[in-house]
Every structure is written in C-alpha cells, then in structure tokens.
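In what follows, a structure is listed as structure tokens, so that the remarks can point back to it.
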Amino acid sequence: MRLEVDGRPVDVAEGSSLLAAVEAAGVRLPTLCHDDRLTPSGSCRTCLVRADGRVAAACVTPATAGGTVETGGEDIAALRRDAVEIIVSALPPGAVDGTGSELARLCASLDIRPGTAAGTPGRGRDTSHPFVHLDADLCIACGRCVRMCSEVQGTFALTLTGRGADTVVAPGTGGLWAESDCVACGGCVDTCPTGAITEPGPGSGLTSATPRAARPDTVRTRTTCGYCGVGCTLEAVTRDGELTAVLPARDGPVNRGHACVKGRFAHGFLVSPERLTEPLVRRNGRLEPVSWDEALRRVADGVRQAVAEGGPDAVAAISSARATNEENYLVQKFLRVVIGTNNVDNCSRLCHSPSAAGLTAAFGHSGGTDSFDDLERADCLLVVGANPAEAHPVVGARLLQRVLHGGARLVVADPRAVGLAQHADVHLRPRPGTNVALCHGLAHVLLAEGLADEEFLTHRAKGLPELASLLEDYRPDRVFELTGVPAGELVSAARIYGRARRPAIVYGLGVTEHLHGTDGVRALANLAILCGAVGTDHGCGVIPLRGQNNVQGASDMGALPDFLPGYGRVADPGARSRAEEVWGASLPERPGLRIPEMFAGARAGTVRALWIIGEDVCATDPDSNRVAEALDVCPLVVCNELFLSGTARRADVVLPAASWLEKDGSFVNFDRRFQRVRPALSPPGSARSDFDILHAVARALGADLGCPAPADALEECGRTAPVFAGVSHTRLDREGAVPWPCPDPGRPGEAKLYRESFATPDGRAHLAAVPYLPPGEQPDDDYPLVLVTGRRWAHYNSGSMTRRSGNLELASTDWLDLHPDDAARYGVGDGRPVVVESRHGRARLIARIGHEVSPGEVFCAFHFPASGVNRLTSGHADTVTSCPEYKVTAVHVAPALPDSADTAGTHGRRGGR
C-alpha cells in the first residue's frame, strides 16, 4: 500500500498505522504513550500529524492507500509541543532534568526547559520491591506499563487508578508493589517514558530503548541469558568494569524485548562476598586456598593415580548445562582424547534425556521438531507436564498471548493448577505417573472419531497397526480408572487437538522425569504423528521446554557417555573414525558411565577420580544421601564452581569458575538455536572460565587440546559433526541466531524439521505401541501422599545464583503445597513448619495450603538445599535413559516439633502462584 508522507511516496503493509508510515519515511515523532510491542492507545496526543487535511494521532490512525500525511507544518509542530508541555506541567520540578528518561530527551529536543515542570509532589513513592520502584509523582498515566503487564507478560498486576489529573499507575491489588502479583519481569521499567517506574541502584533510568549517546560512560554487551533454556537475548550494561543493569534486547529472536525476574534482575550473585576467587585444596580435612599451579598439580597427580590403579575408566566427568557449547565440547574431548574414556555425562541425564531418546526414536533428531516462532501460527496448544509461567516465563507469556489475543485453544495436562491452567479450555489433571495412559486415551479418541490424518499415516508414518491394537485397551472410561481424568474431559481435549488446523505440543519435565519417561515422550509424539502435525505446514510439532540455559547444547556437543558431538554413536565405527581423524587420536568404542553409574562406581571403588563442572549434585540429584556418600569415598573429587556449594564442600580440589556474564562462547536454546555468549565482565580474583580451566588441566597432564579460543572449538566441532558445520562465531555475530541442523555455512539452518522426510533410517515417523506401566512408587498407609518437585518463579534450580540476589526477598524459603483436606487430615497449619518423610529421607519445609494441588498430592521446589528436598527422592529412574523419577515420591507429612521452628520462613512477598 502506497501513500505520501511530506510529499514523498512510502510503501507500508495493509493495516499499518500512520505512525508506521511516518517512521518508514524516516521521520521521528514524539510517542510518549506508544511502544511498538504494545497495542496503540493514542492517549498522549504527542504524535499528531495532518492526514488528508485533518489533525490525527498517528499511532492510532490507520494508513490508507493514496493518502497524504504532513508532519512538518509549524501548526502541527506547535500542537505536538503544546501536548508535551501540558504533560510536563503536571510533573514536579526536576522531572525533565538531564536526558535520563524518554520524556527528558524529548523535552531537550523540543527546547522545553526544565522549569516548565511545576507540579506539586505528593502522590508518594513505593520502594517496597527489591527490583521495581515507583515514584507516582512522575506518572503521566500513559498506560504503557499497564499494557506491558497485560499484553506482553500476561500477569495483569498493574492498573490505572484515580480520575483526571489524579490518574496514576498502581498495583492492581491496591497495596504495596511487593505484595502484588508482580513477577518482576521488568517490562514496566523498560517501557516507562518518565522514570516513574525504575530499577533501583546504578541501573536506574536505563531501558532497552535508552540511546547509547544518553549514557556515553556505559558499555553494552549483547549476550544470551544464562538461566533457563529459553535463550533470551540480553544487553549487559557496565560502567568502569562493574555491572549496572541487564536489559532485554528489543530485537531478541526469542524474547523480543521481554525478560523474566532472573535474567533481568538476578545478577547480584556476581558481587557476592561468597564468590570463589582462588583455588582450594583439601589438606588435613580442610579446604585451603592455594595457587593455580598447586591446584592443577593436585588434579593431575590424582588423575594419573586413578588411571594407574583402575585404567582410563576410573576417571569420569559431569559436564555442565550452564557451560558454553565450546566448554562442553572440550570436556568430552578431554575425557576421550586425553584420558581415553567415554565416562562423560551432563545434567540432561536428570531432566531431558528421555526427550533425546524419545524424539530420536520417533522422528530422528534429539531436539524439538519446530521453532518457537511456529507457535505464533498454532490454533491449538497442548501443554503437558510444564509450568512455563514460572519455569520459563518468557515462553509462558508468549503462549498466553497466543491464547488471549491469537485465538488459539488451550489444553493443559498437569496434576497441578499451573499458571496457564486458569486460561485453558480444558485442564486435564492426571495422577502423577500416568502420562502414558493419558496420551493413549487421547490417541484412542483421535482414531475412534476419525480425527487422524490418514494420508500422513499412510505415506509418512510407521507402526499404526500395532498402536491401534494397543489403544483398544485405552477407552476413556478405563483411562479414567488409570489417571483420574474424567472421560468427558479426555474426549473434549482430544477433539480440540484433533480438529485443530495447526496444533502444537509443548511439554516439560512432568513428562520426562518418570520411571517410564521415554515412553511418555513417545506416547506424546504419537499424538502429533496421528494428526500429521509434524513435518507439515498444518502442524507445529512437538517442542520440549529445556530446563537449563545450555542443556540442549551440552548434549549436542557430545558430553554424553554414548554419543559423540552431533549424536554420532560411540559404538558406530563411522562416527568414531570421523572424530579420530579430526582429533588425531584413537577413541574408546565402549559407551561410558551415566551419572548414576558414576556415583555407584565411586561407592564401589571403580571410579577413583570424578570431575564435576558447575553442578551441585548434592542438592539437585536424587537420593542425595547416596550421592554424598559417593563423593566422600571417591579418592579425587574436583569441582568447578562459583560458590562453595554442598558438592564443593566435599571436593578435594575446588576451582573458581567464571559465570555466564564473564564468558565467551555460545549456547543452544530449547528450539535448537545457537546464540552468542559474550563477556561483559572479567571474572573476580583469579577465577577462570571452564574453557581456560580445561586447557590448564590438559597441559598439567602433558596434553594439548588444541582449539586455543572458543571460536576455534566451535569450528572444530563442525568438522567433527557435520550437522553443525554451518555454524560459527562469525556467522552468529552476523545473524544473531542459527538453528541446527546447519551443515552449510552458505545456507540457513533448519528451524522446522522433517519437511521432506524424517531422520529415521526409513525416513518415516515411528509410532510407539508402549503400554502404560505404573510409576516406581505407590502411596500406602505409611506414605499416603505423592510428592512432585519442580520450580518456582523467583528462583532457579539449586538457587546458588538467585539466592544471592534480591530474589531472596521475593521468596525466602522452600514451601510445601498441600490441599486443605490433607492439611486438616494431618494437622498441618498454613505457614507452619512441617517434616516431610519418604522411604529414603527427611526434609523440613513450610506448609502452604491451597487448591493448586489435588487431594493426596503435594508439591515443592528444591531451590534451598538446606531444606533437603532431594533427600526424599528415590533411586527409581527411566528404564531407557536413567533419568530420575523426581515427579513421583510417596511421602508422609507431619507438623514439625517446636524445636525445629527455626526452619520457618515466609511464603515470599507474593502469595499466589
């Protein structure tokens, strides 16, 4: 569509606003109530133009073909200036001093002097929240913060109160900000044009839209978030070598200018006095500071002794899902080339190893089938075993907006009333551990009601007769007996998914962390295959939500006992010979030990040196009493860490490591996108990146790993694994994000997989006729409740970083969710300390009574290791991958004795989700 702006022809898309046309013509207008991420409101009247002879607000007026727009006339410019002066006149003196806010910069450009602001202060300040402060006197009621909270974050925590000139933003609950439903995503801070809502501290007044010229003394470093696996693009702002703020990048390919409380604000850990800044070595039972030379000597001597006494397989390493791709690549290369063993694994073993196994068996690759961007086209979202509103907030927000504003139907399958469930068309609440039966029930309905894609099944799938025979036993009434899901709800959910034109499946750890987690992934994949919803334009596939920032990349790089980089099997002579040619060394052909086997080997004396990189296994691994026993008896335990964690306290050598804001490299996010990680800061003291530590240990053993820089490591990985051959730091610096498979540097990666064929040996998608089998534990009279563990919104994993930031003010303890019926039955009071006991151990938590959980079920997180939650979990693990069964543990709950009241805490500033 073409129109004229100031006499010049401009082409814009149908449905564009006059503001878009004006900007396309290179003209900048004041836009105090406008943010490109939000629905226009036209309330400030500062973007006035003359359109076809009449004055109009450009942001809310549609562009018309053949229309004319004037922006530069003196009368129009005067009207815009008057609108700004009226807004400023209500603000207190000093409100537009300097260039710190968008409004102040606008006033400077219009020569509106600071003295124009002559309002009377008196509406007050709210500084109750650790990350968001409100100065109501600076509020101009533009509504940007309210729309950001509702339209982007989907929390609806803010509102405008008062009338006329007294209108001001306030928490929707009417109380203090810290007591509201705010989840501290920072969107309101980022969009506020006046500085009414700011981040306290050195980052006050900074937003992602602040021009670099406005803060010439700061440096902005573009990087990728080091918390969950979403892969948000962030800008770390530093001044004089210190971090002042972390801002979401407006053009971030996944987050699009959005962030969560962790990526946006939880960086206080960087300057925690508990940061490790020098190596530690155990002497006479105590960890003591030493030089790097001495620490490396101790590691090298211990590794040599382990190999001398037990051979190469006496050494094992747990690589890190928090480390970069390049670091994980070096870890597995070190074990295979320097030591001569395949004993390397990473924490995907504990979360998404069933995803890798299940997706590979069904489709051919170990990652999700589609890009997150494809969900923008989905008309049905089936969210299974995931709580993205808390565990992956940016994903949760985008899914919610697709439901609220994009018209997608939503089916949530989760035992708890998780954040998205309140917006679902159908919320299925199966008993924990019954996912396979639930998925088979849905599949039964799809076939019985003719909702399957017969053409797809005929030409692109395999295994239908076997599955159809199995599904005869999973009628809705029987599935109700197995899962507790009413037959009518099951049928409704199946119809919503089966009748959708572009359905999508998104799932999380509630599917994988089970005794039969791989079967759960296969049963879920069956639904997409039955409806032809993968590898086609009328389906949006199956997408797993990865937990840690680089858990996908750690596995992609070959930090696995049975796979080389790019998922070539170590037992495959062809895959081995390709790696041997690149590395110039012979490789062991027998698969190595998985993480649980490493601990068992340490207890048995066959593993004599264990290197743990960036994982607090004593806090996060199941049956943690047995994990601690393994570390205590292993002759050499080396730990790379930021802090002296429970695991590091048991180590013989502790090596101080750099954090994600101090590293160079790349991560791979949950939808297979490589993205750059860049150092904004130097590590404290003598701390080093894991990349540098690996090189140093190799040199101490007389070996050279090659790859002197991270960019070299990624390039070498591409030669070892052709699936990554088209990815490089240079390309990532140029393009921002590149999905794999990407074998060609001159062609784009495959964001959507399997358009032509599946990556299985026969090129077809494979249906799985796996029967439902019960979980490893069942409740009984002694342990009558079923415990499920997971995450809360304010913290991350073992909390080693978030507990050393302002997030601790938002949630200061772990608590146990109980249904009111169970609380009454066991004499538990809300907010009171309780003892939780399983067949494996005990933990102390704080009770929180509500309807988020069903009767007979309880839920808690594991963010505070002192609570001892993972002492409760069992040794049961997925029969295919050894992934622990975190989601089903039989427990008993009782009030804590008075002398244990010191474990009490608060529910956090928010009482809700």
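The values are calculated or read from the model by the stated rules, or taken from the named source; none is laboratory data. No experiment lies behind these values; they were computed from the predicted model shown. We place every Cβ from the backbone using ideal geometry, glycine too, and count neighbours over all the protein chains shown.
Miscellaneous remarks
- Between 344, 403, 383, the distinction of being surrounded by 22 or more Cβ atoms within 10 Å (Cβ to Cβ), under 21 Å from the mean Cα position of the chain (by Cα) and among the β-branched types (Val, Ile, Thr) belongs to 383 only.
- Residues in segment 25-63 that are in a strand (DSSP E or B) and surrounded by fewer than 17 Cβ atoms within 10 Å (Cβ to Cβ): 54, 55, 62.
- Residue in segment 797-808 that is of a type outside the set (Gly, Ala, Ser) and farther than 28 Å from residue 389 by Cα present: no
- Residue that is modelled with the highest pLDDT [pool: residues in segment 109-147 that are in a helix (DSSP H, G or I) and touching an Asp or Glu at 6+ places or on another chain (Cβ under 7 Å)]: 144
- Verdict on residue 598 being surrounded by 23 or more Cβ atoms within 10 Å (Cβ to Cβ), in contact (Cβ under 8 Å) with a residue 24 or more places away in the chain and touching a Phe, Trp or Tyr at 6+ places or on another chain (Cβ under 7 Å): no
- Checking 302, 252, 257 one by one, the residue that is part of a helix (DSSP H, G or I) and touching a strand residue (DSSP E or B) at 6+ places or on another chain (Cβ under 6 Å) is 302 and no other.
- Scope segment 439-453; condition of a type outside the set (Gly, Ala, Ser) and within 36 Å of the chain's Cα centre (by Cα); matching residues: 439, 440, 442, 444, 445, 446, 447, 451, 453
- Scan of segment 712-727 for residues that are without any contact (Cβ under 8 Å) to a residue 60 or more places away in the chain and farther than 21 Å from residue 365 by Cβ, ordered by number: 712, 715
- Candidate set: segment 609-626, residues that are under 17 Å from residue 343 (Cα atoms) and hydrophobic (A, V, I, L, M, F, W, C); chosen: the one surrounded by the most Cβ atoms within 10 Å (Cβ to Cβ): 611
- Condition broken by residue 726, with the remaining ones in (1) of a type in the set (Gly, Ala, Ser); (2) crowded, with 20+ Cβ neighbours inside 10 Å; (3) on the phi > 0 side of the Ramachandran plot satisfied: (3)
- From 160, 138, residue being buried (at least 23 other Cβ atoms within 10 Å of the Cβ), more than 25 Å from the chain's Cα centre (by Cα) and outside the structural domain of residue 46 (by TED's automatic domain parsing): 138
- Restricting segment 408-433 to residues that are touching a Leu at 6+ places or on another chain (Cβ under 7 Å) and of a type in the set (Gly, Ala, Ser), the residue that is surrounded by the fewest Cβ atoms within 10 Å (Cβ to Cβ): 424
- Single residue of segment 216-242 satisfying the filter (of a type outside the set (A, V, I, L, M, F, W, C) and over 20 Å from residue 679 (Cβ atoms)) that is surrounded by the most Cβ atoms within 10 Å (Cβ to Cβ): 229
- Residue pairs meeting the criteria (Cβ under 9 Å; at least 6 apart or on separate chains; first in the same structural domain as residue 864 (by TED's automatic domain parsing) and at pLDDT below 95, in segment 814-830; second among the hydroxyl-bearing types (Ser, Thr, Tyr) and assigned to a loop (DSSP other than H, G, I, E, B)): 815/906
Yes or no, residue by residue, for (1) farther than 25 Å from residue 515 by Cβ; (2) in contact with a helix residue (DSSP H, G or I) (Cβ under 9 Å, 6 or more places away or on another chain):
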residue	(1), (2)
407	yes, no
434	no, yes
455	yes, no
461	yes, yes
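- Any chance residue 76 is without any contact (Cβ under 8 Å) to a residue 24 or more places away in the chain and more than 25 Å from residue 149 (Cβ to Cβ): no
- Segment 305-331 - residue that is in a loop (DSSP other than H, G, I, E, B) and under 37 Å from the mean Cα position of the chain (by Cα) and, of those, farthest from residue 230 (Cα to Cα): 319
- Filtered residues of segment 729-757 (kept if under 15 Å from residue 553 (Cβ atoms) and among the small types (Gly, Ala, Ser)): 737, 749
- Residue 782, sole failed condition from (1) surrounded by fewer than 18 Cβ atoms within 10 Å (Cβ to Cβ); (2) out of contact with any Lys or Arg (no Cβ under 9 Å at 6 or more places or on another chain): (2)
- For residue 383, the conditions (1) out of contact with any Leu (no Cβ under 7 Å at 6 or more places or on another chain); (2) not in a loop (DSSP other than H, G, I, E, B) all hold with the exception of (1).
- Selection over segment 437-463 of residues that are assigned to a helix (DSSP H, G or I) and free of Cβ contacts under 8 Å to residues at least 12 places away in the same chain gives a count of 4.
- Test: residue in segment 441-460 that is touching a strand residue (DSSP E or B) at 6+ places or on another chain (Cβ under 7 Å), buried (at least 21 other Cβ atoms within 10 Å of the Cβ), among the small types (Gly, Ala, Ser) and within 20 Å of residue 500 (Cβ to Cβ): no
- When segment 260-299 is filtered for residues that are crowded, with 21+ Cβ neighbours inside 10 Å, more than 28 Å from the chain's Cα centre (by Cα) and assigned to a loop (DSSP other than H, G, I, E, B), only 279 remains.
- Scanning segment 479-486 finds one or more residues that are over 25 Å from residue 758 (Cβ atoms), surrounded by fewer than 16 Cβ atoms within 10 Å (Cβ to Cβ) and modelled with pLDDT of 95 or more.
- With respect to the conditions (1) under 30 Å from residue 643 (Cα atoms); (2) in contact with a Phe, Trp or Tyr (Cβ under 7 Å, 6 or more places away or on another chain), residue 758 lacks only one, and its number is (1).
- Listed by first and then second residue, the pairs with beta-carbon distance under 9 Å, at least 6 apart or on different chains, first residue in segment 464-485 and in a helix (DSSP H, G or I), second loosely packed, with under 12 Cβ neighbours inside 10 Å, are 464/458; 476/488.
- Scanning segment 660-675 for any residue that is in contact with a Cys (Cβ under 8 Å, 6 or more places away or on another chain) and among the β-branched types (Val, Ile, Thr) turns up nothing.
- Within segment 283-309, the set of residues being basic (Lys, Arg) and in contact (Cβ under 8 Å) with a residue 12 or more places away in the chain comprises 297, 298, 304.
- Residue match in segment 667-674 (condition: among the aliphatic types (A, V, I, L, M), within 23 Å of residue 745 (Cβ to Cβ) and either in contact (Cβ under 8 Å) with a residue 40 or more places away in the chain or surrounded by 24 or more Cβ atoms within 10 Å (Cβ to Cβ) (or both)): yes
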